[in-house]
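The structure appears right after this line, and notes come after that.
The values are calculated or read from the model by the stated rules, or taken from the named source; none is laboratory data. As the structure is a computational prediction, the values presented were derived from the model and not from experiment. With ideal geometry, Cβ positions are generated from the backbone for all residues, glycine too; neighbour counts draw on all protein chains shown.
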Amino acid sequence: MFGYALRRTLSAIPTLVLVAISVFVLLRVVPGDPALLILGDAASAESLASLRRSMGLDLPLWQQFSHWIARVLVGDFGTAITNGQPVLPLIIDRFSVTAVIVLLSVLLASLVAVPLGMVAAWRQNSATDLAVIAGSTLLLSVPSFWLGLMLLMLFGVWLQWLPVVGYVGFGENAAIALTFIIMPVVTLTLIEIGQLTRMARAATIDVLRLDYVAHARAKGLSEGVVLFRHVLPNAFAPTLSLIGVILGNLLGGIAVIETVFTLPGLGRLLVDAIFQRDYPVVQGCMLFIAAIYIVVNLLIDLAYPWFDPRVAVE
């Protein structure tokens, strides 16, 4: 297990290097001058040149890249151009907001979708199955921003049960913080239920056709025992892989949801930094997102054998 984890971790290094190079180059290809954005259009050529020199933007690209990578290797992601804050603490602070919402959403979606998909597979081609398929397809078809706006209108504007704008951290007031994340969590949960339900249903149908399931039924076991003791472990494995992909994508930044609900998360930080041409923040965010995606999928791979004994990790 340790050797497998070590090999996967080492194999992630080329991916991180490629991400770093790609982001660094693309940022400098996109039109826009950070110095001009900071000083404004009325700035003189001398002040612009002085600011570019202090930011290191006058150096050749290979020198800029080598200096940045050398700092990253010691945990220094640089300083934000727009506000002068250290980039890494800023990313971690914003990521804590995103992580709470994403983890709660994926957990709730999994708790609902997996049993729902299994029941639909068990009652394949029945009215229950058709209803589950229709519901999951509908949820897949609904844009997350539209659903979020509808929840804002209903519970925030019309009923005034929940706050519409702003955010309070759990460290300040946990009870109030909970009211700010209810709608984002519900929005993501409903969206992800559609994907996970369809995957759980398809995986369960495949497992129900296997011989050992027929043998378990022949022994006189109840359908509940067959489903949750014999079918669930193997049927959950493919769904677990999808959960890993969803977690990686969402932890990388749910920019649309964070914008709709005005949440100070990682996705919104990245989008704002792109518009402001804040090179250190964009580079740091993209590298952090790639690392999170790799770590999440590594953990999913390591957990896979627990649910599917046919898979061995050496």
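Details
- Output for the range 115-129, where each listed residue is of a type in the set (G, A, S) and more than 18 Å from Q195 (Cα to Cα): S126, A127
- Scope the range 211-227; condition within 20 Å of W306 (Cα to Cα) and touching a residue at least 24 places away in the same chain (Cβ under 8 Å); matching residues: L227
- Which listed residue is at pLDDT 85 or above and either farther than 29 Å from A291 by Cα or touching an Asp or Glu at 6+ places or on another chain (Cβ under 8 Å) (or both), from A218, A202, A237, A177: A202
- Selection from the range 266-293 of residues that are under 15 Å from V30 (Cα atoms) and among the aliphatic types (A, V, I, L, M): V271, A273, I274, V282
- Residue list for the range 42-95, restricted to those being of a type in the set (K, R) and modelled with pLDDT under 85: R52, R53
- Filtered residue count, the range 56-74, keeping only those that are part of a helix (DSSP H, G or I) and either surrounded by 14 or more Cβ atoms within 10 Å (Cβ to Cβ) or not hydroxyl-bearing (S, T, Y) (or both): 11
- Filtered by the rule that a residue be surrounded by fewer than 17 Cβ atoms within 10 Å (Cβ to Cβ), on the phi < 0 side of the Ramachandran plot and not hydrophobic (A, V, I, L, M, F, W, C), the range 210-232 gives D211, Y212, H215, R217, K219, S222, E223, G224, R229.
- Flag for V281 being without any contact (Cβ under 8 Å) to a residue 40 or more places away in the chain and aliphatic (A, V, I, L, M): no
- Scanning the range 264-285 for residues that are modelled with pLDDT of 85 or more, surrounded by fewer than 22 Cβ atoms within 10 Å (Cβ to Cβ) and of a type in the set (A, V, I, L, M) gives a single hit, V271.
- Residues that are surrounded by 12 or more Cβ atoms within 10 Å (Cβ to Cβ) and among the hydrophobic types (A, V, I, L, M, F, W, C) were ranked within the range 27-41; the one that is modelled with the highest pLDDT is L27.
- Number of residues in the range 137-168 that are more than 22 Å from the chain's Cα centre (by Cα) and more than 25 Å from I246 (Cα to Cα): the value is 13.
- Taking the range 122-136 as the range and being modelled with pLDDT under 90 and either under 25 Å from the mean Cα position of the chain (by Cα) or hydrophobic (A, V, I, L, M, F, W, C) (or both) as the test, only W122 passes.
- For V87, the conditions (1) farther than 26 Å from R201 by Cβ; (2) surrounded by 15 or more Cβ atoms within 10 Å (Cβ to Cβ); (3) free of Cβ contacts under 8 Å to residues at least 24 places away in the same chain all hold with the exception of (3).
- Enumeration of residues in the range 211-225 that are part of a helix (DSSP H, G or I), farther than 11 Å from M118 by Cβ and not acidic (D, E): Y212, V213, A214, H215, A216, R217, A218, V225
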